[in-house]
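A short write-up of the structure that comes next.
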Amino acid sequence: MSCRLCKALVVLSFTLWVTSSTNADAACRQALALGLDVSGSVDEAEYQLQLQGLAAALISDDVRASLMRLPDAPVRILVFEWSGQDYQRVLIPWTDITSPSRLEAVSEKLRSTTRRQAPPTTALGQAILVGAGFLNQQPDCWKRTLDISGDGKNNTGPEPHHVNNSPEKIGDIVINALIIGVDATSRLSHAELSIAELTAYFVHRVLAGPDAFSEVAIGFEDYERAMRRKLLRELAFLSMSELNQ
């Protein structure tokens, strides 16, 4: 059997799992929406590093173990990409991670995704608004987390901190960030933001909710490592006191 046919069968299986899912009947310990930056500052190679990095991080041994820890109350994952104010594309619809094979199918779907043309602008606030909207589709999950990746500041649409200050839209959602920075020794021009400046921006304008945090990737080549660290922290098992609330 050819590799191309193998991939096609995995993607078909993934589609059947999603369409036949009984999510409404299952407990959900965490809804996790991951938003990937595909704005003009992200080239084709960086786009692939981001997708391949997320795909690899999800099936790494420690992240897999964390996801599989309580299969009767699974983590529910959605992945979308964003750029301008009117561009948000769902790559992985809401999917309960109930088995290693389903996780592998999600990872393979990400690996096989090809890029579409997107606006060059960075509508970070709108991405948060859309991500929160996805999470508000999952009110019964015990915990709801929005994970935004980005390599620059908002330059169009609503400002992130204005969105975050809307309790009716954000509610109890936690917003974490994976900041993609450029090492000072590798900066191409004065227009690129230093890691310190970008981190400060995300901390003060993007993060929201109890125990919100950011993880930094030193360039897209470091994305997989940073994503793995961030997922492990986000997926830390709920304490018994949280389960009893």
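Work out the P(r) tail for region 59-186: percent of alpha carbon pairs separated by more than 21 Å, whole number. Can you show the working numbers first?
Details: 3918 of 8128 pairs.
More than 21 Å apart: 48 percent of the Cα pairs in region 59-186.
Please give me the summed charge of the neighbours of R228: other residues whose Cβ is under 12 Å from its Cβ, Lys and Arg +1, Asp and Glu -1. Can you show the working numbers first?
Numbers: positive: R64, R225, R229, K230, R233; negative: D61, D62, E215, D222, E224, E234.
Surrounding charge for R228 is -1.
Solvent-accessible area of T122, probe 1.4 Å, all protein chains present, reported in Å² to the nearest ten, please.
Rounded to the nearest 10, the figure is 10 Å².
Taking one equal scatterer on every alpha-carbon of region 126-182, how large is log10 of I(q)/I(0) by Debye at q = 0.21 1/Å?
Rounded to two decimals, the profile gives -0.81.
Summing Lys, Arg as +1 and Asp, Glu as -1, what charge do residues with Cβ under 11 Å from the Cβ of R115 carry, R115 excluded?
Numbers: positive: R89, R116; negative: D43, E44, E46, E81.
Once positives and negatives cancel, what remains is -2.
Across region 142-151, in residue order, what do the Karplus-derived ³J(HN,Hα) couplings come to in whole Hz, using 6.51 cos²θ - 1.76 cosθ + 1.60 with θ = phi - 60° and x for Gly and Pro?
5, 9, 10, 10, 9, 10, 9, 9, x, 10
Sort 42-51, 60-69 by the packing proxy (mean of other Cβ within 10 Å over each peptide's residues), most packed first.
Highest-to-lowest ranking by the protection proxy: 42-51, 60-69.
The values are calculated or read from the model by the stated rules, or taken from the named source; none is laboratory data. None of the values given here were measured: they were computed from a predicted structure. Here the Cβ is made from the backbone with ideal geometry for all residues, glycine too, and neighbour counts use every protein chain on show. The accessibility values were calculated without ligands, DNA or RNA, using every heavy atom of the protein model including side chains. Shrake-Rupley method; radii C 1.70, N 1.55, O 1.52, S 1.80 Å.
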